[in-house]
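I have placed the structure first, in the form of structure tokens, so that the comments after it can refer back to it.
A short reminder: the numbers here are calculations on the coordinates, not readings from a lab. Computed from a predicted structure; not experimentally measured. Here the Cβ positions follow ideal geometry from the backbone for every residue, glycine too, while neighbour counts run over all protein chains shown.
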Amino acid sequence: MQSGPQPADLTDVRATNLAVVLRYVRVHAPCSRADIAAATGLNKATVSSLVADLIDRRLVRETGLTEHRIGRPATMLVIDGDAYAAIGIEISADHLTAVALDLAGGEVLSWQRAFTGLAATPGRAASTVAALASRAAARVVRQGRQVLGLTVGVPGLVDHDGRVSRCPELGWSDVDLRADLQRALRNPDYEVVVDNDAQLAALAEQRHGQHAGTANLVHLTGGAGIGAGLVVDGRLLHGARGFTGEIGHLQLDPAGPPCRCGANGCLEALAGIPALIRRVLPDAEADGPVTDFAPEIDRVRAAARAEDPATLTALAEIGRHLGTGVSILANLINPEVVLLGGYFVPLAPWLLPAAQAQLAARTVAPQAGGTQLTASTLAGGAAAIGGAARAIAAIDDGRMPSPTNKAAD
């Protein structure tokens, strides 16, 4: 028996070349077959065959002629956004967000629903998420599209099989969420994936955010916890089992406040949204723990706009803690940009000055090693956007849907 790497067969080579052409069209559309051949080194006959295949699969379409070039007018190509859509759902402590994107990255739907995460058992949560996913899939199908996949983002440790090992934000431990969702959805004909929310948010930034295309970036979630999605050298960093990015549990002050993980003085306990609300709005938990952060964040922002001294002091201190956490990332992986997401975004004008100053002071390399710290420009639900983008990225990597004339086989 042979061992070790095996040579690629012709099917593998064609799938790779299809992906090369598709990625080129995504970045450079509208473009011609001649443009693709010149840029990729593939000969014109091969490009013509590959483009015909992509058109047959409804991944690319022709969009008319251009005469703004030397020689005969050329038929231009663009991504076909009409045939497919992918669905992403983000689970947060206080809400669910569902997003569907077409193949061209256009938004097909965007929904947000209230969700009391800590009050729901894992089984009930899976049923609620599955019901939302079913509604989204039905909407996509009614539009004449095929569902490419469903990806669900969870704020916790998620292994490569979609099992949630630990999620303090929702009170979960050892939950096989992927299997639960597949059962609740009655084993749908599309792929179901469960991943960490910060990782998916980073993918959304890398493909659709203001810094799209950046090879090294980090997205920091701003919800009940703080997670880091890491893109390194153009790829998501998942680690051996998928448990990367738990920056919220870096211990910054051993004598600090207790954290849900059992330690003291973690970044999350010092600078997470619940800590911020307790610090600025001590009356907020008079009737029990806050489960819907949005109204309280609005109160914090109103106090900051009114230049309340205690609020401004608290936000500056939390910004410094965030800057310390980001400086550790800058020293370890030297990202080009770190983006504050979630509920940190509306508070960014008051958090960023102190955070940026602390980043510069605590990074070994001069000028923070070139690491820029700013707020995300994606709307809420970046992980849902990233979940939808994940299935589209898989096609860009060569996992092609069947040609239309083979769809019924």
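Structural remarks
- Kirkwood Rh in Å, taken over segment 72-226 so that all alpha-carbon pairs contribute: 16.4 Å
- Taken along its principal axes, the alpha carbon cloud of segment 206-277 reaches lengths of 40, 29, 16 Å, longest axis first.
- Principal-axis analysis of the Cα atoms of the chain puts helix 293-305 at an angle of about 70° to the longest axis.
- Treating each Cα of segment 20-134 as an identical point scatterer and summing with the Debye formula, the log10 of I(q)/I(0) at q = 0.15, 0.19, 0.22 Å⁻¹ comes to -0.71, -0.92, -1.12.
- Think of the chain as having a plus end and a minus end, set by charges on the Cβ of Lys, Arg, Asp and Glu; of C167, L378, W350, L378 sits farthest toward the positive end of this dipole.
- Helix-only [θ]222 nm of the chain, DSSP H runs n ≥ 4, -39500 (n - 2.57) each, per residue, nearest 500: -12500 deg cm²/dmol
- Note on H160 and A379: the extension gain reaches 76.1 nm, defined as 0.36 nm multiplied by sequence separation minus the Cα-Cα distance.
- Full extension of the segment from T63 to A131, taken as 0.36 nm per residue of separation minus the current Cα-Cα distance, would add 20.7 nm.
- Diffusion of segment 256-409 by Stokes-Einstein, at 25 °C in a medium of 0.890 mPa s and with Rh set to the Kirkwood radius over alpha-carbon pairs, works out to 138 µm²/s.
- Relative protection proxy for 164-176, 303-315, from highest mean packing down: 164-176, 303-315 (other beta-carbon atoms within 10 angstrom).
- Each Cα pair under 8 Å and six or more residues apart adds its sequence gap; the mean of these over the residue count of the chain is a relative contact order of 17 percent.
- Gain on full stretching of the segment that runs from T46 to R186 - 0.36 nm per residue minus C-alpha separation: 46.3 nm
- Measure of compaction for the chain (Cα Rg per 2.2 N^0.38 Å): 1.07
- Mean projected area of the convex hull spanned by the Cα atoms of segment 320-409, taken over all viewing directions: 8.0 nm².
- Looking at segment 144-294, the pairs of alpha carbons with a distance over 24 Å make up 42% of the total.
- By the Stokes-Einstein formula, at 0.890 mPa s and 25 °C, segment 130-185 with its Kirkwood radius over alpha-carbon pairs has D equal to 197 µm²/s.
- Building the convex hull from the alpha-carbon atoms of segment 91-133 and averaging its projection over directions returns 3.1 nm².
- Estimated translational diffusion coefficient (Stokes-Einstein, Kirkwood radius over Cα pairs, 25 °C, 0.890 mPa s) of segment 312-358: 229 µm² per second.
- Segment 182-231, Rg to Rh (Cα coordinates; Rh as Kirkwood inverse mean 1/r): 1.13
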